[in-house]
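Read the figures in this text as sums done on the coordinates, not as results from a lab. The structure presented is a predicted model; accordingly, all values stated were derived computationally and were not measured. Glycine also receives a Cβ, built like all others from the backbone with ideal geometry; neighbour counts cover every protein chain displayed.
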């Protein structure tokens, strides 16, 4: 083997399994993997050692350099036939390569019969044909070849007779599923759905062994329960085991439908035995975790859906308890599809304290059907939890998992993709940094299957079934949403609350303050606006805040203002999300506008009153006769009293006061009291004064005539 940009070295045969071998065969353009065998050597030879957990899609990352070779690997590929785009090595669209042509060609559905399918399955090292159908794994991309005529005993498809090349309808390329040649069973338990797991490989039943870094999890064990038609995995227990074992990759089982894909090479004498308990009577299907999905109940050896109306909260609590999950989180019809199972003909009547659904009372409703979209979907809460600790932010620190009621550090070969699952659980975005640490302190840790974490939303499903391991390693995770959302506020200015924001006085100065919950020292704040003249200002953070002074506010400053906090930590630059928007409008304050309106209205009222008194006085004085005029000349004090009657505070200011007045020199002057200084009363007094003088002049003219 030669790693990318590396040297050619033998590959150690330990930890290989068929699914990985199939990837190698595909890269060599040699069809599918048929068999893997390891041969002991235990020699001092440089080699490429397979990691115990490998993502076959990134094969070059699966090997590390070693100086001791434990086992030589022998890999056999099928050079002339392969199944592609299937769920396992033993399923997919059939393609054939002839001896004359080195290109791969599809086969029409009608050009291969059952005996031909038997030959293909045997050539690939799989079981008997299970399904032969057209276009299940996609339409043919390769050209179509001749029709095969097999008798069924041939060792290879090219040994069969064939006719000339033909064409077939689009979308009818043959899709073949061979049965799994390996098998599994549970022994030594109280029922067929409870006991010790054994695997049949190469025709021999053995217990299983697995590596510490590739632990058995409930998610992997659930594949076994479903294969045995035993509902869902509820619990598992691991114990040490000695003797002849089949080494197995539980993480491989998460992405294939065949056990034969995941049996590892290499002789194993020490390993672990899995004791598994499945729920024999209830299961949740098509959910994102073992604790969510469409509810199905088994009665009389068949699975049935349950109508939403026949399941209440008490019933759901019993289901969640029976499956080993947390409390009921969501109960809704059609949430996980309708399914093909028939409807259960009984209505549950649980009290909520039962340990299993079949312990509940039931009422018969024969012939019952569910309306479309009402097949009961159930989500139970995950009894476990996750957190990161040891750093100022809740989105960075050492990963810890709560399992079986205990918080412990997480172990495993974590990467950015699996770390992102943790960050999403914490509502902290995605992972930007995941590092394995070793603090030299041995303590109990939960071993986690990292491939499992990438496939499910329930972290409980991915914790190893071993009680715990004492390790010194840990995992540090830093998430993208490291920083909390900053706050924004308005201060040091003339403003008032206006609708969803504030109104700022035109031409005034004010201060926008950005702040953030204390976590890391330093950093800077950015003030952004969507105004007519957009702002983009930056100030260093002082005591976790910054104050932006904005001067001479104008109409162009109206709009939304937001803050963003930036800081450099963990050798990276982080930016917070934007703060809630602060909306500002610019104009006169409402209080000032109210004062102006009041003044205008008051002035109009005073003007109307003045006009009223003006015409009142004029009407009164124009009605007097000459005799009255003489009285006016001789009784000046009465006129003064008449004027004072309309405007309190008027008095005479006769310059000849104290002397006997004469008609020719009589004048009446009115003055305002010293304490009266408002313009409106003064205006009224002047009007009354001029009215009196005008009337006196009129009297004199009448007298002359």
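The table that follows gives values for the structure above.
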item	result
Translational diffusion coefficient (Stokes-Einstein; Kirkwood radius from C-alpha pairs) of the stretch 18-77 at 4 °C, 1.567 mPa s, in µm²/s	106 µm²/s
Protection proxy ranking of 13-25, 570-582 - average other beta-carbon atoms within 10 Å, highest first	13-25, 570-582
Alpha-carbon spread of the stretch 487-587, three principal axes, descending order, Å	46, 23, 22
The stretch 402-534 - Kirkwood radius from inverse mean 1/r over Cα pairs (Å)	18.8 Å
Measure of compaction for the stretch 183-278 (Cα Rg per 2.2 N^0.38 Å)	0.96
Highest average packing first - 202-215, 315-328, Cβ atoms within 10 Å	315-328, 202-215
Gap separating the Cα centres of the stretch 377-409 and the stretch 252-313, nearest whole Å	24 Å
Whole-percent pair-distance distribution, where bins are 10 Å wide, for the alpha carbons of the stretch 35-117	13, 31, 27, 21, 7, 1
Cβ crowding within 10 Å averaged over residues, with 429-440, 532-543, 473-484 ranked highest first	473-484, 429-440, 532-543
Debye-sum result for the stretch 385-479 in log10 I(q)/I(0), which assumes one identical scatterer on each alpha carbon, at q = 0.16, 0.24 Å⁻¹	-0.56, -1.35
